[in-house]
Amino acid sequence: MKQNYSKWASVALITAIYVLAAVAGWLLFVRQTMVGLPPLWSLLCADVAATIIVWAFGLLYENVSVYDPYWSVFPPVVYLLWAFYTGVWSWPVILLLIASWYWGWRLTRNWVITFRGIAHEDWRYTKYRSLHPVLFHLINLFGLNMVPTLVVFAAMLPGLRLYETISNLPSAVSVVVLIFGFVVCIASATIQLIADKQSHDFRTANPGKVCNVGLWKHGRHPNYFGEMQFWWGIWIMYAAFGGIDWFAFCPTLMSLLFLCISIPLMESRQLQNKPDYAAYRQSTRLLI
């Protein structure tokens, strides 16, 4: 059912949906751990259950964009709850919480600024509806909701493992690497924050034009660059204590999602809608 609520009524509605999903996920997490499922697997089950609830409300309101804030809300909230669950409040965990909440604030803030209301659906989802009407509901559940959830969960794993791998007497090298990873996270989110403002200001003043000022002059997707680098920063923080192991696959998977799906989709749309984007594409790097 399509509902034409005001922007802030829509924000309140989506907030209520997410609170419901969070409560359901938490109850499932508690139940799964009580029956003996390992905590990380219980957390994954809770994440999947919360995603299904958000997806169901997306079906109810005929708008896949109900899922959009999930990306920015889940990681910082879970990192905080994981600190309460494990009882680990060491200074590396505090740095992780600061980085994740700063990143989550930036991304959620951008969503609120660009959000038009529950009746408006992102162009990517509308495109899938029109191109694949028969398979759309499968694409919606698995491709547009569940895959991003699983990719973000995988990207979070190094941060979750950081709670377990901290030694009582970290070496000087570990401390330096940890701080470097924290700086990468903060810098990445700041790059996104600046890119958001530059893009918003430019599009307001120059509708229909290609944004080629500020960070956008040095890269076609500075916001995506910052997103990928943020998760590499989380991994670097983990690697300071856990070493270089298979967890490097986690930020790699996140980077592949952007490089192979998100960026090509955006490039194709820009080429179709903005005649001067082809020249901008030739003269400007993909990333910063």
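Please go through region 144-158 and pick out each residue that is closer than 16 Å to residue 103 by Cα and open to solvent by 20 Å² or more (accessible area, probe 1.4 Å).
None - no residue of region 144-158 is closer than 16 Å to residue 103 by Cα and open to solvent by 20 Å² or more (accessible area, probe 1.4 Å), so the list stays empty.
Only one of (1) part of a helix (DSSP H, G or I); (2) open to solvent by 50 Å² or more (accessible area, probe 1.4 Å); (3) free of Cβ contacts under 8 Å to residues at least 40 places away in the same chain; (4) among the aliphatic types (A, V, I, L, M) is not met by residue 195, so which one is it?
(2)
Just checking, how many residues over region 123-143 are within 22 Å of residue 254 (Cβ to Cβ), modelled with pLDDT under 90 and either of a type outside the set (Phe, Trp, Tyr) or open to solvent by 80 Å² or more (accessible area, probe 1.4 Å) (or both)?
Number of matching residues: 1.
Can you say whether residue 106 is farther than 22 Å from residue 49 by Cα, touching a residue at least 24 places away in the same chain (Cβ under 8 Å) and open to solvent by less than 40 Å² (accessible area, probe 1.4 Å), as far as the supplied structure shows?
Here the answer is yes, as residue 106 does meet what is asked.
Tally up the residues in region 63-121 that are in a helix (DSSP H, G or I), of a type in the set (A, V, I, L, M) and under 27 Å from residue 41 (Cβ atoms), please.
Going through region 63-121 one residue at a time, the tally reaches 14.
Mind checking which pairs have a first residue in region 12-35 that is in contact (Cβ under 8 Å) with a residue 60 or more places away in the chain and open to solvent by less than 50 Å² (accessible area, probe 1.4 Å) and a second that is of a type in the set (A, V, I, L, M, F, W, C) and not in a helix (DSSP H, G or I), Cβ under 9 Å, 6 or more apart or different chains?
These pairs meet every condition: 13/118; 14/115; 14/118.
Quick check on my filter: what residues within region 160-170 are open to solvent by 50 Å² or more (accessible area, probe 1.4 Å) and touching a helix residue (DSSP H, G or I) at 6+ places or on another chain (Cβ under 9 Å)?
161, 164, 167
The values are calculated or read from the model by the stated rules, or taken from the named source; none is laboratory data. Since we're looking at a predicted model, the values are computed, not measured. Heads up, the Cβs are rebuilt from the backbone with ideal geometry, glycines too, and the neighbour counts pull from every protein chain shown. To get the accessible areas, we keep the full protein, side chains included, count just its heavy atoms, and leave off ligands, DNA and RNA. Shrake-Rupley method; radii C 1.70, N 1.55, O 1.52, S 1.80 Å.
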